[in-house]
Structures are given as C-alpha cells and as structure tokens.
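A short worksheet on the structure shown next.
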Amino acid sequence: MKQINLIFTLIAICQSLLLAQQNRPFDTTYSVVTLSPAQNYYLDSRIVAQINGRSRITLPVQLPPGTVKWYYTFAALESKNEPLEWVSLAAQLTKIVDKTGISATLVGQIVKPTGTAACDIYVLDTEGGTQFEAKNDDKWQFDKNISRQNMTSGVVESYLSKSNLLIGLSNPSLKSGINVKIEVSALVAHLTPIYNNMKHIRNNDTESAWTGVLREPFFKRFQESFEGKLTPSVSEVSMCILSKVTKNFTPQEFNNLAQGEQEVVISWIKKDCYAETKNEALEKRMMELEEMKLKINQLEQSGDFGSMASLAERTALEFPSIPIQTTHMRALLLSNQLGKAQTLAETLAKHNPNNWDIQLNLAHIYLLSNQYKEAEKAYLKFQKKTNTEGVTWEKKVAEDFDFFIKNKIFTSSYDNIKKKLKIK
C-alpha cells in the first residue's frame, strides 16, 4: 500500500504542477518593434518595365511572436530627388503605446506623410510574391482590407493574419516612374510572469531583505533539485531561480507559502529560467529523470527488483543525489545484493545520520545479513520518534516488514524487532 500511495503521489504532483503551469498568472506589457525601417524604392513606369526595368517589387514582412497589430506607412513621389517630410512610424507608435496597447483613437493622430504620385500597395501571402512580380495577375491574391490602390500616401493598421507576409509595391503609371517610401512596425505583447501578486501591487524592492545567510540555503535547495548534477547549466539555472525568488518575495513572504505553493512557484520560475538561460536541453534531461524515478517505483511495486536495481544504478551514476543513491541502496537490498547495499548504506548513513530512509534501510540490511546486534541498535535509534509528516518510526518499520513478507523476503528476526519496538 505504501508503494502504491507513493506512485499516486508522484503522479498527482506532476499533474498539479502541469495544471499550475497552464494556469499561471501573467501581466501583459506592450512594445513597438520595427519590422522594416523607412526605405525608398524606385519603380519604373510600366512602359519602361517592359523593356529594361521594374515596376513592381515585394518587401518581406515577418511578424514576431506576440504581435497584436501591425502597421505600415507609405508615400509616393513623382521623382527620386523630390523632398519628403517623414516622421518615424515606430517613434510615433512608441509615444502612444500604454499598458492596454494602442487605441484606435490615438492611431488617428499619427502624422501621415504627403505624397505626390499614385501607387498601389498590396499585402500578399508569400506564395503570391513571384507571380506578383512576374505580373501573372490571375495567379496571386491580396488582402483587400489592408491593401491600398491608386493612393499617394497613408497609414494602415492591421490585425494579425499570417506571420509571414509580403508587401507588394506597384507603379500603376504607364509613363512616369515613382519613388515609394515605406516603413513597417508591429505592436507586440509580452507576457511577464507574476510570481507574487503582493509584489506586483507593492512594486517595491525585496532583494535587500535577502542576506547572504538567507540566500545560501535557498541556492543549495535549488541546486539539489537537479539531483546532484552540478554542471555549469545547473548553476546558471539555479542562479536565475534564486534571482527571481529574491526579486519577487521577501524571505518572510516565501516562507509563509505552504510547501505545495512553494513547489508550484519554483516550477514556474524554473520553467522561465530554462528558457531565459537557453538550457532547454537540461529541462528535457530532468523530465527524463522524473520518468526514470517513476519507473523505478513501478518496478518496486511490481516486485521486479532485478530490473529496479539495474535502472536505479544507472540513474544514480547520472544523478548522484542523496535521494537517488538511497533509492539505489534500497534496490540493492530488495534484489538481495546485500554486500553492495551495505557498503553504500554505511557511507550514506555516516554523512546523513538523521535521514530516516537511509537509517531504516541500513537496519534492514543488517537484519537480512544476520548481523542482529547491529540491526537491533539501528532499529532502536529512532524509537518513539515522529517525523515531520507525523509518521512514527514504528509505523515505517512495520510497513516495510509487511512489504518484505509480501514479496517473500523472509527472516525469523522480524518478530524479535517488533517486540523490541512494541509493534503489534
């Protein structure tokens, strides 16, 4: 029953963290991104283009992720040397963007350049570009809502359509060339994670409250969450996690969170830090580790202790944390590799004298190896003690004995130990 509950607990934790990740809070901010700075393009007349020139060109536009709207402004002049007053579109949009984006009312206040010649502006999909320039007009289509024909200038606002577009510039004049100037910008939304709603409201500094003495155990905790795999990537992500925690919480605020709440917040932050530090490969590896840990527990429950020991050994070599080494030690015990189990257990017990899982499994190893005096001493070490979860030492011993008997791991000394610990 203990092992089944452990598996269900692991699954429940994974599901809750995934759900929390999907429903996490975000704040939205906006910025203006220049997609194509103001540029001039000379288009020959249609007659000249038939001989040796061009009356059409296409300008590629790639909308960045998070684009809410995009804009273009244009003007056409009758000659290359004609002066044109131009106010940057991006600069104007940046002045009117706020926390809600850009309102249609404010867009109407953007300064529109003045043109002197007519031009056609077509918004195309990428497949139609070649046919547009080749003047195969029956083989390309354009967006009528945001295209402009036979106009001298304008400012056009468009909501997001496809992420990759083309703007086709065309000279409709039969005899006169034109000079077209165009600029393209986008309004981009950025999702900023909110880890602490109170911090979002207060908007004050919290880092100063974190002394070195307080930061050290948190940093160690984050590193340990990577199961002993101390690589530059782990250190980089751990430092990122620490930075976000100290910026968003005071020490008291974070400590006041329940254990489950802390785990959810850290899972959010860790997810962001993987992306920000470009360590997605580490994220994938840690997900693989979680799958390995779940598989080890499934093998223990099924009684396939040989496979459990093999997988636990490989996992411990890759991730030499105390919990995983403890799992390896238990797998060796269950698969009757008592010599190897004792060597590992005694090393772990020496450095972790108060770790119940290590000390209990070491006691089991002594008992199953017929080292009764050492076993009795180990079993009595935590007699009548209760752990942080409210579970008594005697209950943990009794549960393990029941599990051993169920899986045909026998010794005549179980009853003697139960009497010593007054287990009924």
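Only the coordinates and a few stated rules stand behind these numbers; no lab work does. Bear in mind the structure is a predicted one, so any value in this text is a computation, not a measurement. Here the Cβ is made from the backbone with ideal geometry for all residues, glycine too, and neighbour counts use every protein chain on show.
Taking the charge dipole of the range 303-421 about its Cα centre, with +1 at Lys and Arg Cβ atoms and -1 at Asp and Glu Cβ atoms, the residue from 338, 380, 355 reaching farthest to the positive side is 380.
Stokes-Einstein, applied to the Kirkwood radius of the range 28-191 over Cα pairs at a viscosity of 1.306 mPa s and 10 °C, places its translational diffusion at 97 µm² s⁻¹. Overall, the range 28-191 carries a charge dipole of about 60 debye about its Cα centre when +1 sits on the Cβ of Lys and Arg and -1 on the Cβ of Asp and Glu, all other atoms neutral. Taking all Cα-Cα distances within the range 303-421, those exceeding 17 Å account for 54%. If a spin label sat at a point 7 angstrom from the Cα of residue 209 along the line to its beta carbon, no backbone N atom of the range 26-59 would be nearer than 20 Å.
Please compute the length gained on full extension between residue 224 and residue 68, using 0.36 nm multiplied by the number of residues separating them and subtracting their Cα-Cα distance. Contour length minus Cα-Cα distance gives 52.1 nm.
Taking 20 Å as the cut-off, the amide N atoms of the range 170-184 that come nearer than this to a point 7 Å along the Cα-to-beta-carbon line of residue 86 belong to 170-172, 177-184. Distance between the modelled labels on residue 318 and residue 256, one decimal in nanometres: 4.1 nm (7 Å Cα→Cβ projection). Computing Rg and the Kirkwood Rh from the Cα coordinates of the range 206-345 gives a ratio, Rg/Rh, of 1.06.
Over all pairs of different C-alpha atoms in the range 211-257, the reciprocal of the mean inverse distance, the Kirkwood hydrodynamic radius, equals 11.1 Å. Going 7 Å from the Cα of residue 239 in the Cα-to-Cβ direction, what parts of the range 274-294 have a backbone nitrogen less than 15 Å from that spot? Within reach of a label on residue 239, which here means backbone N under 15 Å from a point 7 Å along Cα→Cβ, the range 274-294 contributes 274, 276-279.
What is the calculated FRET efficiency for residue 424 to residue 164, with r their C-beta to C-beta distance and R₀ = 51 Å, to the nearest 0.05? Rounded to the nearest 0.05, the efficiency is 0.10. Straight-distance candidates among the lysines for linking to residue 293, with alpha-carbon spacing under 17 Å and chain neighbours fewer than 8 residues away dropped: 2, 229, 284. Between the beta carbons of residue 391 and residue 100, assuming R0 = 51 Å, the FRET efficiency works out to 0.45 to the nearest 0.05. Can you pull a Stokes-Einstein diffusion coefficient for the chain at 37 °C (0.692 mPa s), Rh from Kirkwood over Cα pairs, as a whole number of µm²/s? Using the Kirkwood radius from Cα pairs, D works out to 119 µm²/s. Taking 1.306 mPa s as the viscosity and 10 °C as the temperature, the Stokes-Einstein diffusion coefficient of the range 116-190 based on its alpha-carbon Kirkwood radius rounds to 117 µm²/s. Candidates 67, 322, 289 compared by Cα position along the dipole of the chain: farthest toward the positive end lies 322, with charges placed on Cβ.
Using the Cβ-Cβ distance between residue 263 and residue 343 with R0 set to 35 Å, the FRET efficiency from 1/(1 + (r/R0)^6) comes to roughly 0.55.
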